[in-house]
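Here the structure comes first, spelled out in structure tokens, and everything after it is commentary.
Laboratory data are not the source of any read-out in this text; all were calculated from the coordinates shown. These figures come from a predicted structure and were not determined experimentally. Here the Cβ is made from the backbone with ideal geometry for all residues, glycine too, and neighbour counts use every protein chain on show.
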Amino acid sequence: MQRTLNDLTIRKVRIDDIPDVYKLLTANRPYVGLNSRYTYYLLARDFSDTCIVALDRYRLVAFSSGYVPPSRPDTFFNWEIVVDEKYRGNGLQKKLLLEQLRITRAEYFEGTVNPSNHVSEKNYLAIAEMLGAKCSKSVLFSEEDFDGDGHEAEVLFRIGPISLASIENIVSP
Ligand SMILES: CC(C)(COP(=O)(O)OP(=O)(O)OC[C@H]1O[C@@H](n2cnc3c(N)ncnc32)[C@H](O)[C@@H]1OP(=O)(O)O)[C@@H](O)C(=O)NCCC(=O)NCCS
């Protein structure tokens, strides 16, 4: 990447972003799940407060979805996150997740990782350390839950409690 993270615009997802979001997800299969376009249009319509994109001028280079579960209003759950290959290795995953924590003012972060995804696991642990928060790990859905279709287990990382001050300090140093 010739430009730095500070050159990117991070903002809430919009309905007209979805064709580019879908292309980005398609290009990164099987590392990230691909659901129907309709799912992403609904996210942009109804969960745009908690789903964000990163843009390099007009080019969409990352997408991170998530929501605040109605039964756990103190928690932000990250569903899918993908960074364009050309923009990787610059800390964008951490930056996006911290931004979603700042937006939601959540006390707990949750996200799942497949056992083979060492990059995301490392980043979750790094986020816990940056925020001075505990991190627990447990199997949320096992391989068997996916009926042997090759889907890896989804291992849940739960980070918290997180103080808002610790997020603000990192997001706006
Ligand atoms: C996982 C992912 C979101 C990480 O995003 P990122 O912003 O590149 O994360 P980081 O900048 O922290 O880089 C993490 C690691 O990627 C590796 N990396 C570095 N440059 C890279 C590049 N150009 N291409 C690929 N990987 C690279 C390095 O191992 C780096 O770790 P290091 O900084 O300790 O050396 C991104 O790799 C991705 O979109 N992967 C495919 C989808 C996916 O796995 N999503 C997560 C589901 S939980």
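In table form, for the structure just shown:
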| quantity | calculated |
| --- | --- |
| For the range 30-128, the fraction of alpha-carbon pairs in successive 10 Å shells from zero, as % | 14, 49, 34, 3 |
| Contour excess over end-to-end distance, with Cα ends at residue 47 and residue 144 and 0.36 nm allotted per residue | 32.0 nm |
| Stokes-Einstein D (µm²/s) once Rh is taken as the Kirkwood radius of the chain over alpha-carbon pairs, at 25 °C in 0.890 mPa s | 149 µm²/s |
| Per-peptide average of other Cβ atoms within 10 Å, ordering 43-55, 11-23 highest first | 43-55, 11-23 |
